[in-house]
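Structure first, commentary second.
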Amino acid sequence: MTAPESHRAIEAVFRIESARLIAGLARIVRDVGVAEELAQDALVAALEQWPESGVPDKPGAWLMATAKHRAIDHLRRSKRLERKHEELGRELDVQRERAVPDHDAAFDDDVGDDLLRLILTACHPVLPTEGRVALTLRLLGGLTTEEIARAFLVPAPTIAQRIVRAKRTLAEKRVPFEVPRGAEREARLSSVLEVLYLVFNEGYAATAGDDWMRPALCEDALHLSRILAMLAPKEPEVHGLVALMEIQASRARARLGPGGEPVLLLEQDRGRWDQLLIRRGLAALQRAEKLGGAEGPYALQAAIAACHARARTPEATDWVRIAALYERLAAITPSPVVELNRAVAVAMAFGPAAGLEIVEALTAEPALENYYLLPSVRGDLLAKLGRSAEARTEFERAAGLTRNGRERALLLGRAATCARQAAAPEPR
Amino acid sequence: MRFMVIVKASKSSEAGELPSKQLLADMGKFNEEMMQAGVLLAGEGLQPSSKGARVKFAAGKRPMVVDGPFAETKELVAGFWLIQVKSKEEAIEWMKRCPAPMGPGQDAEIEIRQVFEAEDFPSEIFPPEAAAREQEMRDELQKKAAKR
């Protein structure tokens, strides 16, 4: 094995092991920041030793043993050894047992709990959203600062700072490394789901920059959500979120046109939808519903996505059901954005005039004042009603509001079409 | 990125012998581990080639069907996984953790192949000329919009 190759192999091992490593260490030192530093130290030790000695048979156990020795040093230095002595003894026993395959199962349960604690801590509401995002991708996703920076089109030092600040805040506020119970558990879990969906959406419909999608972010969010579903298998909304992401991700290939521009749902080549992801999404949705979570906000959104996924052609879409699902969604999470989506579904089910009626009621909504999709939808419905001149104004307004270059081009294209139709109305 | 991980056939798999209880348990555990890590997308084991067929395409001729079994055992596929990881090295690391797929003490081989993603061949589907034309059109539209 050549040296650079083994270096990459070590990084791959670390990507697989780092979340479990950090989670296990955080339980001992009760500080996520310190745990991550200890894990990094163990990686450095591996990078020094493995090129000579070769990658050990159980690299995860090696890294954990190395890091735990450093954790003991750390605790000794911080003079908390007395209190922790007993606890550590237990940790090391468990660690020794880990080397024996038969005891793996018992340990895995602990690992699962640790990982759940870690993700709940990384997404703790005490942190600002961008801190939660950076910390989650770093600690759970195993992404480097540079990778996170590239994904969010932000300079690396900015991400590094967000991570440092987030760790400091967790330490200062003495956020316990635990899985809370009852209502707090629900609230904390939904904070995790929010962070994961935010990461997914940033990849799925980039809010800034010239690329319409950044698939790597979608993959990272989906990856972490799949892990979360294994960690919290009885939480219906976790499965709902997985279902939503799997189905949305199934369309990724079809959402990009030849020039990298967005292709709208109804114009997509459905043959390019990823059937494997659709199947996985539908299965996850079924799990959410079986657990009694059909009315959860993510499960409802997944059910809507599933309606599209099941339709072989755009004409086969069950718009009446989609409109009804949006109504249920609006009932539990009332929001003008949901209402706008409902308008689109109603227009498809019952005609553009019915949809436009809902949209008109939203134009006074302050929350949508600068939301490009409002004029975009309005323009679309007006165009369908043959009111081309009004439609053109709306599309131009929408183009002026979006921050995404690709999206702007699409909207300006539609405005131009409306302008031509207004000048010389074509028979429709 | 996605990888298809192919488990090559052996004499016993081609003879239709079922894996031992122990191997099934070990494989189940390995699958579980890949699921816990959010890596495993799909996977199946395949019946021996005696239950399969080949459809051969020769130039200028109609497709010809050949029934199994097929001779070149070591080149046949006995099962596969589809996994999602960040690099080929990660895929390799995962497969080094796989229990010997034909059972302990049995020779076996796993082949790791990267799956094409949409972004792997944009220039073939979308010739650069077409992309350039698109860009021109878009620039034109932007200019027009700016004038208003």
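The values are calculated or read from the model by the stated rules, or taken from the named source; none is laboratory data. Computed from a predicted model, the values in this text were never measured in an experiment. Cβ sites come from the backbone with ideal geometry, for glycine too, and all protein chains shown count toward neighbours.
Please tell me if B:GLY79 is within 14 Å of another protein chain (Cβ to nearest Cβ), under 19 Å from the mean Cα position of the chain (by Cα) and surrounded by 15 or more Cβ atoms within 10 Å (Cβ to Cβ). Show your work before the answer.
Values: within 14 Å of another protein chain (Cβ to nearest Cβ): no; under 19 Å from the mean Cα position of the chain (by Cα): yes; surrounded by 15 or more Cβ atoms within 10 Å (Cβ to Cβ): yes.
Answer is no for this residue.
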Say whether the condition of being of a type in the set (Val, Ile, Thr), within 14 Å of another protein chain (Cβ to nearest Cβ) and over 32 Å from the mean Cα position of the chain (by Cα) is met by at least one residue in region A:394-411.
-> no
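Can you name the strands (runs of 3 or more DSSP E) wholly within region B:48-101 that have at least 2 residues being in contact (Cβ under 8 Å) with a residue 40 or more places away in the chain? First the steps, then the outcome.
Details: elements: B:53-56, B:64-67, B:77-84.
Output list reads B:77-84.
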Leading residue by the ranking (nearest to the other protein chains (Cβ to nearest Cβ)) among those in region A:215-257 that are more than 17 Å from A:TRP273 (Cα to Cα) and outside any helix (DSSP H, G or I) | A:PRO233
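Please find, among A:ALA65, A:ALA61, A:ALA26, A:ALA45, the residue that is at pLDDT 90 or above, part of a helix (DSSP H, G or I) and within 21 Å of A:LYS167 (Cβ to Cβ). Let's see the steps before the verdict.
On the way: A:ALA65 fails: within 21 Å of A:LYS167 (Cβ to Cβ); A:ALA61 fails: within 21 Å of A:LYS167 (Cβ to Cβ); A:ALA45 fails: within 21 Å of A:LYS167 (Cβ to Cβ).
Sole residue among the options that is at pLDDT 90 or above, part of a helix (DSSP H, G or I) and within 21 Å of A:LYS167 (Cβ to Cβ): A:ALA26.
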Members of region A:258-268 found to be part of a loop (DSSP other than H, G, I, E, B) and either more than 9 Å from chain B (Cβ to nearest Cβ) or of a type in the set (Val, Ile, Thr) (or both), listed by number | A:VAL263, A:LEU264, A:GLN268
